[in-house]
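To start, the structure under review is shown below, and the notes come after it.
The values are calculated or read from the model by the stated rules, or taken from the named source; none is laboratory data. Here the structure is a predicted model, which means the values were calculated and not measured. Backbone-built Cβ (ideal geometry, glycine too); neighbour counts: all protein chains shown.
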Amino acid sequence: MVGLGGLGSSLLAGIEAARANLVHPWGSLVEGGGGARGASGSLRERAPFARLSDLVLGAFELKEDDAFRAALRAGMLSRALVDELRPQLRQVHAMLGARQAPTRRHLADTLAEDLRGFLAHNHCSRGVLVCTVAGPALAQGKQAATSAELWAALEEGGGDISAGLVYAAAAAQAGFSFVAAAPDAAIAAPGLAALFAEAGLPIAGCGLVGPDLALREALAQVLVAEGFGLTGAASLSTRVEERGARLWGGPDRTQEMGLASAWAGGAMELSLELRGQVPLYLAGRALDATLMLDLAARAGSAGAQDWMGALFTTRLGTGAPREVNTTTLAVRRARMLAQLPKLAAAVAQSQAA
């Protein structure tokens, strides 16, 4: 895990809580399943995902830290739960991500050595690096089109080299798959996808999809099903401080409004609001991306995993960081579900061989 902010610390603490059977991993498509409480149908039933008990957790941070202090600082989870997980979270000591190096290429090499050491020390057969550090919203300058151009850019430095790109290059060297959980235009460079393809490793998307997209599509489906003509939508994401906000789990509010034409030239508006800590929503998606990417690695898939587009806002290897999937979330999830049996068959075949 690169970064122990709200998303990073919540993901690690949530994994430990689920492993200790203190909470059910609601919010994860792989672990929690869909529908109401008690509903079955988690994605784990469709493919041989790695189990939470098999995971070894580690982190990078800019200064000395551990997952316990980070979880307390973030304040996303209940203090009682974090205190109960203190022994486990204390064991996740963050490696220092801030280093002095002549070039970004040298920094990537150093971080790669740390990653190799982590695998060896913990007797791990595979690794997935999840980066929660956001990068630039727009690409600056020409993006690397090949892996050679990417290494040259890392050697030269410049404003187009984000921290996420350095960690991604380190992951490819160390044999880690890579998840860019935060938005970062530099990650969309075609050269990065090519680098992972050449290394025989998978890399997935950029910028996890938030709850707003799911709410927006749900509103559109309701309006159309009721015979209204959908004319548009509006989004509102705020932090609310009014009394009682904590009853909803936190001060983050995501509101989607669907606009439609009604009878006799009238208009209708339907709104849906989600309150809670958005990083907790993203933590569940980050776990899903990690387990799916690990499954892809075991199946022998390499390069950009476009079938995981339901989890991300930006495609990789396009050279256009602002390009997003034009299909609906439902279509993208259907594609993701269709890919799981194929990966499961590939894993079974490799194990039989």
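How do the pairs read when you match residues in region 8-24 that are in contact (Cβ under 8 Å) with a residue 24 or more places away in the chain with residues anywhere that are acidic (Asp, Glu), using Cβ under 9 Å and keeping only pairs 6 or more apart or on different chains?
8/61; 17/84; 18/31; 20/84; 22/16; 22/84
If residue 90 satisfies every condition in (1) buried (at least 17 other Cβ atoms within 10 Å of the Cβ); (2) closer than 22 Å to residue 132 by Cα; (3) assigned by TED's automatic domain parsing to the domain that holds residue 339; (4) in contact with a helix residue (DSSP H, G or I) (Cβ under 6 Å, 6 or more places away or on another chain) but one, which is the exception?
That leaves (1) as the condition not met.
Given the structure, is residue 289 farther than 16 Å from residue 6 by Cβ, at pLDDT 95 or above and surrounded by 21 or more Cβ atoms within 10 Å (Cβ to Cβ)?
Answer is yes for this residue.
Please tell me if residue 187 is touching a residue at least 40 places away in the same chain (Cβ under 8 Å) and either touching a Lys or Arg at 6+ places or on another chain (Cβ under 9 Å) or more than 17 Å from residue 97 (Cβ to Cβ) (or both).
No, not satisfied.
Return the total of residues in region 269-286 being in contact with a helix residue (DSSP H, G or I) (Cβ under 7 Å, 6 or more places away or on another chain) and either at pLDDT 90 or above or exposed (fewer than 13 other Cβ atoms within 10 Å of the Cβ) (or both).
Counting residues in region 269-286 that are in contact with a helix residue (DSSP H, G or I) (Cβ under 7 Å, 6 or more places away or on another chain) and either at pLDDT 90 or above or exposed (fewer than 13 other Cβ atoms within 10 Å of the Cβ) (or both) gives 8.
Being in contact (Cβ under 8 Å) with a residue 40 or more places away in the chain and in a helix (DSSP H, G or I) is the filter; apply it to region 68-87 and report the residue that is surrounded by the fewest Cβ atoms within 10 Å (Cβ to Cβ).
So, considering only residues that are in contact (Cβ under 8 Å) with a residue 40 or more places away in the chain and in a helix (DSSP H, G or I), the one surrounded by the fewest Cβ atoms within 10 Å (Cβ to Cβ) is 73.
How many residues does region 102-154 hold that are of a type in the set (D, E, K, R), surrounded by 14 or more Cβ atoms within 10 Å (Cβ to Cβ) and within 16 Å of residue 192 (Cβ to Cβ)?
Qualifying residue count, region 102-154: 3.
Just checking, does region 180-188 include any residue being part of a strand (DSSP E or B), closer than 22 Å to residue 133 by Cβ and touching a Leu at 6+ places or on another chain (Cβ under 9 Å)?
Checking region 180-188: at least one residue is part of a strand (DSSP E or B), closer than 22 Å to residue 133 by Cβ and touching a Leu at 6+ places or on another chain (Cβ under 9 Å).
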